[in-house]
Amino acid sequence: QVQLVESGGGLVQAGGSLRLSCAVSAGRIFSPSDMGWFRQAPGKEREFVAGISWSGGSTDYADSVKGRFAISRDNAKITVYLQMNSLKPEDTAVYYCASARTMGVSRYDYTYWGQGTQVTVSS
């Protein structure tokens, strides 16, 4: 059974950093799969944050996080990461990782999802 498990969330002050991890079980789906991070704040739609191709050679970011966040992956460890720097209160949300055949900015491009990890940025 495929499982994606996020970790690394928490409470941080504005300007701080966090690194999220997403560990994937059922490794057969990981290497050929593009991966993405999404987030959902209370009362808002789930929105695309960042995506990475299966090779790691291609990445994409939402305009709101460009220059602050960096997505990466380690196929040997079957893990994808989201390094978040210069965090702002508006980054507060539950962050989800997901896998896709081809990464896109729509949640409907993604097949498997983790349970999410809470990120709270205080002002």
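Considering only DSSP states other than H, G, I, E and B, which trypsin sites (Lys or Arg not before Pro) in the stretch 38-95 qualify as loop sites with at most 13 other Cβ atoms within 10 Å?
Hits after loop and neighbour filter: LYS44, LYS66, LYS77.
Where the centre of each part is set by its Cα atoms, how far does the stretch 30-88 sit from the stretch 92-112, in angstrom?
About 9 Å separates the Cα centre of the stretch 30-88 from the one of the stretch 92-112.
Just to confirm a number: summing +1 for Lys and Arg and -1 for Asp and Glu over residues other than ALA93 whose beta-carbon lies under 13 angstrom from that of ALA93, what do you get?
-1
Quick one: Karplus J couplings for the stretch 62-67, per residue in order, coefficients 6.51, -1.76, 1.60, θ = phi - 60°, nearest Hz, x for Gly and Pro?
The phi angles translate into 5, 4, 5, 10, 4, x Hz.
Specify which residue in the list LEU82, VAL5, VAL94 is farthest towards the positive end of the charge dipole of the stretch 1-118, using unit charges on the beta carbon of Lys, Arg (+1) and Asp, Glu (-1), about the Cα centre.
VAL5
Counting Lys +1, Arg +1, Asp -1, Glu -1, what net charge surrounds SER21 among other residues with beta carbon under 10 Å of its beta carbon?
Every neighbour counted, the sum reads 0.
What are the ³J(HN,Hα) couplings of the stretch 88-105, residue after residue, when phi is run through the Karplus curve with 6.51, -1.76, 1.60 and θ = phi - 60°? Round to Hz, x for glycine and proline.
So the Karplus estimates, Gly and Pro as x, are 10, x, 6, 7, 4, 4, 8, 9, 10, 9, 7, 10, 9, 5, 9, 5, x, 9 Hz.
With a probe of 1.4 Å, find how much accessible area the chain has per residue, and write the answer as a whole number in Å².
Here the residues of the chain average 52 Å² of exposed surface.
For the stretch 37-53, take each phi angle, set θ = phi - 60°, evaluate the Karplus expression 6.51 cos²θ - 1.76 cosθ + 1.60, and give the result in whole Hz per residue in order, putting x for glycine and proline.
10, 10, 9, 9, 8, x, x, 10, 6, 5, 10, 5, 10, 7, x, 9, 6
On a full-extension model of 0.36 nm per residue, what is the gain between ASN75 and VAL2, subtracting their alpha-carbon distance, rounded to one decimal in nm?
Difference between extended and current length: 24.7 nm.
Can you list residues whose amide H is under 5 Å from VAL119's amide H, if they're 5+ apart or on another chain and H is modeled 1.01 Å from N?
GLY10, ALA93, VAL94, TYR95
The values are calculated or read from the model by the stated rules, or taken from the named source; none is laboratory data. Just so you know, these numbers come straight off a predicted model, no measurement behind them. Counting neighbours? That spans all protein chains shown, and the Cβs are built from the backbone with ideal geometry, glycine included. These area figures cover heavy atoms from the full protein model, side chains too; ligands, DNA and RNA do not enter into them. Shrake-Rupley method; radii C 1.70, N 1.55, O 1.52, S 1.80 Å.
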